[in-house]
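One structure is given below, encoded as structure tokens.
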Amino acid sequence: MSAPTRAQLERLLDAVDALPPSDGAPSWPPVLAVEEWRPVPGWEDYYEVSSLGRVRSLPRIVPHWRGGTARRPGREMRTHSDADGYVVLSLERMGQRSLAKVHRLVALAFLGEPPDGRPFALHRDGDPSHNAASNLYWGSQSDNERDKLRHGTHQEKRKRHCPQGHPYSPENTYTPPGTNYRQCRICRAHQTAKNNAARAARRRAARPTRDEEPA
Ligand SMILES: [Zn+2]
């Protein structure tokens with residue numbers, strides 16, 4: 001089982017916060033969502049995908065390298081994030097590999113085939129790692145363009161700190177003219193100081209010192 005992402009943990013905490021107040025009865029563990037498993041369309045004998053966006057392989061019989069066959073147990077599949085933040089994994093059968101996006105597998109299994117003109121599996125909340133069936137819908141090309149824009153800007157804007165941990169407060173945020181991205185002023189100042197020190201060091205190294213000058 002792969003470690004939950006920060007976004008998944010935050011959603012879990014939000015869901016716990018949203019539970020009705022306890023009347024004194026033990027309330028743990030809360031039932032957050034029922035997970036349903038279905039075969040992955042096109043891979044029915046090999047993989048199942050869940051309504052919460054997990055993928056598992058089914059037990060299968062494979063040829064053994066020493067001859068005969070071996071039974072390989074099913075397991076939850078390890079996933080990765082691609083450069084756009086989509087959760088991807090490698091599916092394999094009979095030595096052939098195929099890279100799949102998990103949100104598409106969930107959509108195909110739980111929403112059915114995409115309707116005409118709406119071939120894109122999209123996220124309602126704009127979070128590409130939130131692959132619960134309830135968060136997905138089939139969208140058109142223009143829905144997809146809008147969604148991509150939302151991913152890029154939202155994901156970036158949701159971050160409240162620079163990579164070094166300084167807050168993106170109004171005083172500490174610099175937006176270069178003509179751009180829409182943010183720079184941390186503290187980090188910019190550090191970088192400028194470092195550049196200046198390096199330049200001064202290069203100048204010192206290039207200039208002969210008084211001791212080395214001929215008498
Ligand atoms: Zn910073």
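No lab work stands behind these numbers, since they all come straight from the coordinates. Nothing here was measured: the structure is a model prediction, and the numbers come from that model. We place every Cβ from the backbone using ideal geometry, glycine too, and count neighbours over all the protein chains shown.
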Using R₀ = 25 Å, calculate the FRET efficiency as 1/(1 + (r/R₀)^6) where r is the Cβ-Cβ separation of ALA70 and SER98; round to 0.05. 0.65
Could you tell me which of rounded, prolate or oblate describes the stretch 51-152, using a ≥ b ≥ c as the square roots of the eigenvalues of the alpha-carbon gyration tensor, with rounded for a/c under 1.5 and, failing that, prolate when a/b is larger than b/c and oblate otherwise? prolate
GLU44-ARG6 pseudo-label distance in nm [points 7 Å out on the Cα-to-Cβ vector]: 4.3 nm
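On full extension of the chain, what length is gained from LEU111 through ARG188, given 0.36 nm per residue of separation minus the C-alpha to C-alpha distance? Intermediate values should be presented prior to the final figure.
Details: separation 77, 0.36 × 77 = 27.72 nm, distance 4.71 nm.
Roughly 23.0 nm would be gained on extension.
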In the stretch 160-208, with Lys and Arg counted as +1 and Asp and Glu as -1 at Cβ, which of these residues, HIS166, CYS187, PRO177, has the Cα nearest the positive end of the dipole, that is, farthest along it? CYS187
Given Cβ point charges of +1 (Lys, Arg) and -1 (Asp, Glu) and nothing else, what value in debye, to the nearest 20, does the dipole of the stretch 54-107 about its Cα centre take? 320 debye
Taking square-rooted eigenvalues a ≥ b ≥ c of the alpha carbon gyration tensor, is the stretch 160-208 rounded, prolate or oblate, where a/c under 1.5 means rounded and, failing that, a/b exceeding b/c means prolate? prolate
Distance between modelled label sites at VAL34 and ARG207, nm, 7 Å Cα→Cβ extension: 7.9 nm
Under a point spin-label approximation (7 Å from Cα along Cα-to-Cβ), what is the ASP84-TYR168 distance to one decimal in nm? 2.1 nm
Rounded to the nearest 20 Debye, what is the dipole magnitude of the stretch 160-208 about its Cα centre when Lys and Arg each give +1 and Asp and Glu each give -1 at the C-beta? 380 debye
